[in-house]
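The structure under discussion appears below in the form of structure tokens.
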Amino acid sequence: MIVFPAIDVRAGRVVRLSQGDFDRETIYGHSPADVAESFVAAGAEWVHLVDLDAARGDGSNHAAISAVAARLNGRARLQVGGGVRSLDAAQKLAALGVARVVMGSAAVRTPELVDAVAGIVDVAVGLDHRNGEVAVDGWTAGSSLRLDDALRRYAAASAFVVTDISRDGMLSGPDLAGLVAAAGVTSLPIIASGGVGSLDDLRDLRDARVIAGVIVGRALYEGKFGLAEALSVVSR
């Protein structure tokens, strides 16, 4: 199981939002590249970055993404989500050195766009859900699409990032049963996102043996455990 340490970027700063609420922001640093460097030094193979400004449609953090990609070059791969709604957006990120993009709302609304983007750069489809209904527009609206149905789409994707919105940033533990059920619906890798707050959470995901990866953010920033500890746990 791969651990993806997360960097959420807003206005060039490293932040975390509770349940995606822009009014509940905590600032953890001012240099995403330095944070990425610390993750690689601890042994990360991937870094997961979310451009919150692009996700909200308030600009982008391409300068920060470029700096992170340059720092990781040849040492770890960069996965970026937030605002990937067009071929042009995907092309720009690929040109910056991004190895995989995460598409959410655009993938839900225009599934064929995933096929097109996958011809440029690897795509993970982000499925953020409340009680099994996939949400769009920064989690502000429901889509009427059920998670199980979405997992049967997107043959061109390389993975799914599954987020239980109610758990994101809450350190309350992942939705293990839901994630295992999701893995049973698709042959594509499932990357768990949201809720990890302890090494025991990582052990539970590891021991399920069907989860390909896990995104970890707030627990690292608040010192619940270190990245090296997390990598040691999932490698056992």
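Only the coordinates and a few stated rules stand behind these numbers; no lab work does. Treat the numbers as computed from the prediction; the structure is a model and nothing was measured. A quick note on method: Cβ atoms are made from the backbone with ideal geometry, for glycine too, and the neighbour counts reach across all protein chains shown.
Taking the chain as a Gaussian network of alpha-carbon nodes connected by springs under 10 Å, the highest mean-square fluctuation of the residues 21, 175, 164 belongs to 21. Does the stretch 60-171 come out rounded, prolate or oblate, given a ≥ b ≥ c as the square roots of the eigenvalues of its C-alpha gyration tensor, rounded meaning a/c under 1.5 and, failing that, prolate meaning a/b above b/c? Verdict is prolate for the stretch 60-171.
Going by a ≥ b ≥ c, the root eigenvalues of the Cα gyration tensor, does the stretch 1-98 fall in the rounded group (a/c under 1.5), the prolate group (a/b larger than b/c) or the oblate group? Judged from the Cα gyration tensor, the stretch 1-98 comes out oblate (a/c at least 1.5, b/c at or above a/b). Considering only 42, 90, 54, the Gaussian network model of the chain with Cα springs below 10 Å gives its largest mean-square fluctuation to 42. Close amide-amide hydrogen proximity is noted between residue 77 and 46, 47, each under 5 Å apart and 5 or more residues distant or on a separate chain (H modeled in the peptide plane; Pro and chain starts excluded). Of the residues 181, 157, 171, the one whose Cα sits farthest toward the positive end of the charge dipole of the stretch 121-204, with +1 on the Cβ of Lys and Arg and -1 on the Cβ of Asp and Glu, is 157. Dividing the summed -39500 (n - 2.57) terms of all DSSP H runs of n ≥ 4 by the residue count of the chain sets its mean residue ellipticity at 222 nm at -9500 deg cm²/dmol.
Mean separation of Cα pairs under 8 Å and 6 or more residues apart, divided by the residue count, gives the chain a relative contact order of 19 percent. Under the rule a/c < 1.5 gives rounded, and otherwise a/b versus b/c splits prolate from oblate, where does the chain land using the Cα gyration tensor? Rounded shape, in that the Cα axes give a/c under 1.5.
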